[in-house]
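Working notes, beginning with the structure itself.
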Amino acid sequence: MLNIISVKTKRRSLIVLITFMTICILILIALFKLQIINNNKYQNYVFDQITVETNVNPSRGIIYDRNGEILASNKTVWILYVVPKNIKDSEQIARGISAILSLDYEKVLEKVKKTGYKYQIIKKDLNINEAENIREFISQHGFEEQIQLNASSERYYPNNDLASHVLGFVNADGVGIYGLEKVYNNIMEGTTGKYITAQDAQSNDMPFQYETYIEDEDGYNLVTTLDMYIQNQLELQLETASIESGAQNRSAGIVMNPKTGEIYAMAVYPSFDLNEPYKLDETSLNYLLEYKNSDEYNQMYINMLYSMWNNKAVTELYEPGSTFKILTTATALQENAANLNTTFTCTGALKIDGYYRAISCHKRTGHGTLTFSEALQQSCNPYMMRLGFSIGKEMFYEYFQKFGYTSRTGIDLPSEAFSYYHNYDNFSNVSLAVYSFGQTFKTTAIQQLSAICTVANGGYSVVPHFIKEIVDNENNIIYEYENKQNNQILNEEVCKTISQILKEGVDGDGGAKNAYVSGYSVAAKTGTSEKKDKYDANGNTSYRVSSCVAYAPAEDPQIAVIMIVDEPTIGSKYGSVVVAPYIAKFLEQVLPYLGVEPSYSNIEKENEQIEVPDLKNKNVSNAIEILKSIGISYEIIGNEETVCDQMPQKGSVIHKKSGKVLIYTGGNTQTTVEVPNIIGLSAEQANLVLTNSGFNIKYEGTTNFKYGEKVEVVYQSIKAGEWVPRGTVITVKLLFIDEKE
């Protein structure tokens, strides 16, 4: 019996032992997994419970123009916060902070007393003076553990609204949300660093060995193709054109190197302040005030912001109108569908088979018989329709595609619009007719200028772009844009012929005469398109888009420009009057800047303007020699030997042929004369009236006139009726007013 019990006992003991050993083995396996295999995983779980991560923001990359001028940078700002659990005298701290920063005491005190919170931010974006005053306050009272200042980086645009629609801006988190800031955000934002510290259950910092620092990496810098000087000039002329024409729907302009596609400038008027991108302009704010207490207020505010931010040159469509005729004529020459001797008689309209009415020319009375060159210069619609049919529907559409109208340009800006056009299956004879002079399809300004550059550069397509280089902080080149050989669409001879026709249109009797720049050959074409999808209060389609494209010098273009003024309301609505004069003023400033030397024709020399030299305190005989040497007439007033005064003063610019300098000697006093009204007079009449009244004249605007041509004074610098010294310079602005597209 005892032996039997002993066997059972042994068996049970063995089972218990095996069970215990199995459990031990399982525990050891589990521990091995926890401590060896999954050590990092569970260590991270622990660290997540006891560590605090503080982000170390990198410096966002700087944006430069092509000459190294800073367009977007960073500035240091400070964040002020308090540590409520460490504060012993809430009222003293609240009083000090509110006094230094001019904040509401009660609101500061409320935050300071929130002892249940680890941190309370009092104010963001402290400037350097505010930060220094807070530091002094902390130091004086020993508040180092109770008040904290953290440096932070904020995006800063030193030129405020310059190129605002191109550069774009960043949001509160420093992420680019518009323009180049958005497109190249990943390149410029860099890599965020981390400072990791461990804390115990009471939020006290644990020993140094628990600290980790992961270094941040600054973003790369962007070198753009923009040129600040050219950008300034474009914005100035675009603003002037918009204001003087009463444009209701914003205006846009682009300047490009026609050979490389590099964009020197792009602007939209009105612009906005990049440092305050959520602030509407005064006109918009006044309009918005009417809805302040309505349900629509917030949505209207948002819509107006988006409208203000949108880059009209890239995101909005328009009908290019007569500027497209450059491409129709180029296609006709390329495909031998016409030549320079091809004539056609314009009667004012042309009937297309299958269409219920004749399609009109902008000159309703007709142009009469025109040559190829005259048709382009006079912007004749029926002639273009005839060219379209000569080219043929299939071939015309093929070139329409080649010029880029059925695809985006690929410009490095967000939200480029896709053009509106008919698919070939729906491309009728009527479509062919109206497309030939730039109507019924819609494109963007950047697409239109890119197509025009094909003619300007000798026949090659271009890719418009802003990126030139990407560099690090040591100016090491990380990436450099490579200009590739693009597709050749037209041959060089065709392009030269079209450019010469356009140039002669500016110099001679073309619709773009107001784009003339003295001393330079400019190829230009104006356009005026009707907005058929927008009606006025009377149900009429009275809204227009005025535009002009130009490139110069015509023989070897260094620059191409387009300006669009949407819905002009003051005076003429033709691009030849609304836009062309401002294109000319722009080129007058920029071509010398680009190093293009002027070359004056005989007629330009006849209308030469010259700067008046300094004659004061000179011997009269010396003064006379100086004036004779530069060909300016003079009148001596007085009998002394020394010049005591002169009119006009030194540096004034006058018309050389009709100008006269009055030389005063001794105690002679100047006489005053009344300024006559010369608005509406021809150049010849204005010159005669002013010089007979004793004034000097300075011409602006279209100065390549011949006496007898239809050129009018549209502006005089001194109002009629004012009394000023005899010899004063009056600046007059001249325009050809025979309205052509």
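The values are calculated or read from the model by the stated rules, or taken from the named source; none is laboratory data. Every value quoted in this text rests on a predicted model; they were computed, and no experiment measured them. As a convention, Cβ positions derive from the backbone with ideal geometry for all residues, glycine included, and neighbour counts pool all protein chains shown.
Taken residue by residue, region 624-644 has no member that is surrounded by 17 or more Cβ atoms within 10 Å (Cβ to Cβ), among the acidic types (Asp, Glu) and more than 11 Å from ASN696 (Cβ to Cβ). Every condition in (1) closer than 19 Å to THR569 by Cα; (2) charged (D, E, K, R); (3) modelled with pLDDT under 90 is met by ASP509 except one, and the failing one is (1).
Quick check: anything in region 354-365 loosely packed, with under 15 Cβ neighbours inside 10 Å, in contact with a helix residue (DSSP H, G or I) (Cβ under 7 Å, 6 or more places away or on another chain) and part of a loop (DSSP other than H, G, I, E, B)? For region 354-365, residues loosely packed, with under 15 Cβ neighbours inside 10 Å, in contact with a helix residue (DSSP H, G or I) (Cβ under 7 Å, 6 or more places away or on another chain) and part of a loop (DSSP other than H, G, I, E, B): present.
Looking at LYS259, LYS279 in this structure, which one is at pLDDT 95 or above, basic (Lys, Arg) and out of contact with any Leu (no Cβ under 7 Å at 6 or more places or on another chain)?
LYS259 is the lone residue from the list that is at pLDDT 95 or above, basic (Lys, Arg) and out of contact with any Leu (no Cβ under 7 Å at 6 or more places or on another chain).
For region 631-648, the condition holds for no residue, the condition being that it is out of contact with any strand residue (DSSP E or B) (no Cβ under 9 Å at 6 or more places or on another chain) and either among the aromatic types (Phe, Trp, Tyr) or more than 23 Å from GLN237 (Cβ to Cβ) (or both).
Of the residues screened, GLY510 is not one that is within 27 Å of the chain's Cα centre (by Cα) and either part of a helix (DSSP H, G or I) or not basic (Lys, Arg) (or both). Exactly one residue out of ALA349, ALA332 is in contact with a helix residue (DSSP H, G or I) (Cβ under 8 Å, 6 or more places away or on another chain) and modelled with pLDDT of 95 or more: that is ALA332.
Screening VAL714 on (1) in contact with a Lys or Arg (Cβ under 6 Å, 6 or more places away or on another chain); (2) part of a loop (DSSP other than H, G, I, E, B) shows it passes everything except condition (2).
Just to be sure, is ASN687 surrounded by fewer than 19 Cβ atoms within 10 Å (Cβ to Cβ) and either part of a loop (DSSP other than H, G, I, E, B) or not basic (Lys, Arg) (or both)? Walk me through it before giving the result.
Numbers: surrounded by fewer than 19 Cβ atoms within 10 Å (Cβ to Cβ): no; either part of a loop (DSSP other than H, G, I, E, B) or not basic (Lys, Arg) (or both): yes.
Taking the combined requirement at face value, the residue does not satisfy it.
It is to be established whether one or more residues within region 138-151 are of a type in the set (Ser, Thr, Tyr), more than 26 Å from PRO58 (Cα to Cα) and over 21 Å from the mean Cα position of the chain (by Cα). Scanning region 138-151 turns up at least one residue that is of a type in the set (Ser, Thr, Tyr), more than 26 Å from PRO58 (Cα to Cα) and over 21 Å from the mean Cα position of the chain (by Cα).
Residues checked against (1) touching a Pro at 6+ places or on another chain (Cβ under 7 Å); (2) among the acidic types (Asp, Glu); (3) in contact (Cβ under 8 Å) with a residue 40 or more places away in the chain:
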position	(1), (2), (3)
GLY511	no, no, yes
ASN514	yes, no, yes
TYR520	yes, no, yes
LYS525	no, no, yes
GLU530	no, yes, yes
ILE559	no, no, yes
ILE564	no, no, yes
VAL577	no, no, yes
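Residues that are crowded, with 24+ Cβ neighbours inside 10 Å and either in a strand (DSSP E or B) or among the acidic types (Asp, Glu) (or both) within region 228-267 comprise SER251, ALA252, GLY253, ILE254, VAL255, MET256, ILE263, TYR264, ALA265, MET266, ALA267, listed in sequence order.
Please enumerate the residues belonging to region 284-342 that are at positive phi and outside any helix (DSSP H, G or I).
Taking region 284-342 as the starting set, the residues that turn out to be at positive phi are 321, 336.
If the condition is that a residue be at positive phi and outside any helix (DSSP H, G or I), then ASN336 is the only one that fits.
Looking across region 393-413, the residues that are under 24 Å from the mean Cα position of the chain (by Cα) and aromatic (Phe, Trp, Tyr) come down to PHE403, TYR405. Restricting VAL462, VAL434 to residues that are outside any loop (DSSP other than H, G, I, E, B) and crowded, with 17+ Cβ neighbours inside 10 Å narrows the list to VAL434. Only a single item in (1) assigned to a helix (DSSP H, G or I); (2) within 23 Å of the chain's Cα centre (by Cα) is not met by LEU502, and it is number (2). Taken over region 437-456, the residue count meeting the criterion of being surrounded by 24 or more Cβ atoms within 10 Å (Cβ to Cβ) and either in a loop (DSSP other than H, G, I, E, B) or on the phi > 0 side of the Ramachandran plot (or both) is 3.
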